[in-house]
1. Given (1) within 23 Å of residue 175 (Cα to Cα); (2) in contact (Cβ under 8 Å) with a residue 40 or more places away in the chain; (3) open to solvent by 40 Å² or more (accessible area, probe 1.4 Å), where does residue 132 come up short, assuming only one miss?
2. State all residues of region 184-197 that are touching a helix residue (DSSP H, G or I) at 6+ places or on another chain (Cβ under 7 Å) and more than 16 Å from ligand 2 (Cβ to nearest atom); if no residue qualifies, say none.
3. If residue 42 meets every condition in (1) among the basic types (Lys, Arg); (2) within 15 Å of the chain's Cα centre (by Cα); (3) away from ligand 2 (no atom under 16 Å from the Cβ) apart from one, which number is that one?
4. Which of the residues that make up region 45-68 are polar (S, T, N, Q) and within 16 Å of ligand 2 (Cβ to nearest atom)?
5. Any idea which of (1) without any contact (Cβ under 8 Å) to a residue 40 or more places away in the chain; (2) within 14 Å of ligand 1 (Cβ to nearest atom) is the one residue 56 doesn't satisfy?
6. Which residues, counting only those in region 112-152, are modelled with pLDDT of 95 or more and of a type in the set (Asp, Glu)?
7. For residues that are within 14 Å of ligand 1 (Cβ to nearest atom) and polar (S, T, N, Q), scanning just region 20-52, find the one that is nearest to residue 228 (Cα to Cα).
8. What are the residues in region 157-182 that are away from ligand 1 (no atom under 16 Å from the Cβ) and open to solvent by less than 60 Å² (accessible area, probe 1.4 Å), if any?
Amino acid sequence: MAFLEVADIKTYYGNIQALKGVSLTVEEGECVTLIGSNGAGKSTTLRSISGLTPPRTGSIKLAGEEISLLPPQEIVGLGICQSPEGRKCFQRMTVRENLELGAYLRRDTSGISADLNRIFELFPRLDERQSQKAGTMSGGEQQMLAIGRALMGKPKVLLLDEPSMGISPVLTERIYETIEQINKDGMTILLVEQNANFALDVSNRAYVLETGKVSLSDSSENLRTNPEVQKAYLGT
Ligand SMILES: Nc1ncnc2c1ncn2[C@@H]1O[C@H](COP(=O)(O)OP(=O)(O)O)[C@@H](O)[C@H]1O
Ligand SMILES: [Mg+2]
C-alpha cells in the first residue's frame, strides 16, 4: 500500500471530462513529479486530490484511508496541502499574514511558530519581507510565499502546481533548491510541471500525463534520457 494512492480517477468540469482514469502512487518521503503539456490535466489531478474538484469515480487513499469524498478542509486537516497554480497569495495581506493563514486549522501554537521560523530559514527573502503586502512582491517571491503557506499547514504530502510558471530562471533555480531541501528533510512531495527540466532533477519518479491519461511512468532518471520525453518536455 502506497502512502498516497490515486486509482483510476475520472474528473469532470460539467460535461467536459478532464481526467480519463488517472492512477499514480507516492510513497512516504518520495518526490514524485507529473509532467505534461498545457491542458493535459495536471492541475485537475492535484485539485482532485485536494478535493477542490473531486473525481466523479475512482479512489484516492492517504495511508489507506479513502479521502476522495471528503470536503477540501478535511483533506487539508488530514495533511494534504497544496500550493496552487498561479500562486493565489492574498494580495493585500502581508507575507506573515499569508503564512499564518496556512496554519488556520492548527492549534499547536508553539509548532506554528517553529514552522514559521523554519520557513523564514528556507526562504530568507520572505523573512526580509515579512510585513510587505504580498501583491507588491515579484512572481518568484509570491511563489515562495505560496509554498511557505502550504508548508504552514504541516502537510504529510505537499502538492506543488507549477512552481516555475512565469518565474525568472534564477528564482526558479533557487525555488527548486529549496524544494529539494524540503524533500531531503523528509517531506513527501507531488509536483506538477510543464517545464520538466527542474522537476525531473529533484524527483525520484515521474509520470507523463497526456490528455487526461498517464502515458508513461518511470524513474526520473530514465525519463530524462527518453528521446520522446526530451523532445516533448525538455526542449532538447
Ligand atoms: N474550470 C474549468 N472548466 C472547464 N474546463 C476546464 C476547467 N479547468 C480546466 N479545464 C479543462 O480540463 C483540462 C485539463 O486542464 P488542467 O488540469 O488545468 O491542465 P494542466 O494543468 O495540465 O494545464 C483542459 O482541457 C482544460 O481546458
Ligand atoms: Mg495547470
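The values are calculated or read from the model by the stated rules, or taken from the named source; none is laboratory data. Predicted, not measured: the structure shown is a model, and the values here were computed from it. No Cβ is skipped: glycine too gets one built from the backbone with ideal geometry, and neighbour counts run over all protein chains shown. These area figures cover heavy atoms from the full protein model, side chains too; ligands, DNA and RNA do not enter into them. Shrake-Rupley method; radii C 1.70, N 1.55, O 1.52, S 1.80 Å.
1. Going through the list (1) within 23 Å of residue 175 (Cα to Cα); (2) in contact (Cβ under 8 Å) with a residue 40 or more places away in the chain; (3) open to solvent by 40 Å² or more (accessible area, probe 1.4 Å), residue 132 breaks only (2).
2. Passing the criteria: only 189.
3. Of the numbered conditions (1) among the basic types (Lys, Arg); (2) within 15 Å of the chain's Cα centre (by Cα); (3) away from ligand 2 (no atom under 16 Å from the Cβ), the odd one out for residue 42 is (3).
4. Within region 45-68, 45, 48, 50, 53 qualify.
5. Checking residue 56 against (1) without any contact (Cβ under 8 Å) to a residue 40 or more places away in the chain; (2) within 14 Å of ligand 1 (Cβ to nearest atom), the one that fails is (1).
6. Across region 112-152, the qualifying residues are 115, 121, 127, 128.
7. 37
8. Taking region 157-182 as the starting set, the residues that turn out to be away from ligand 1 (no atom under 16 Å from the Cβ) are 157-158, 167-182.
Listed by number, the residues that qualify are 157, 158, 167, 168, 171, 172, 175, 176, 178, 179, 182.
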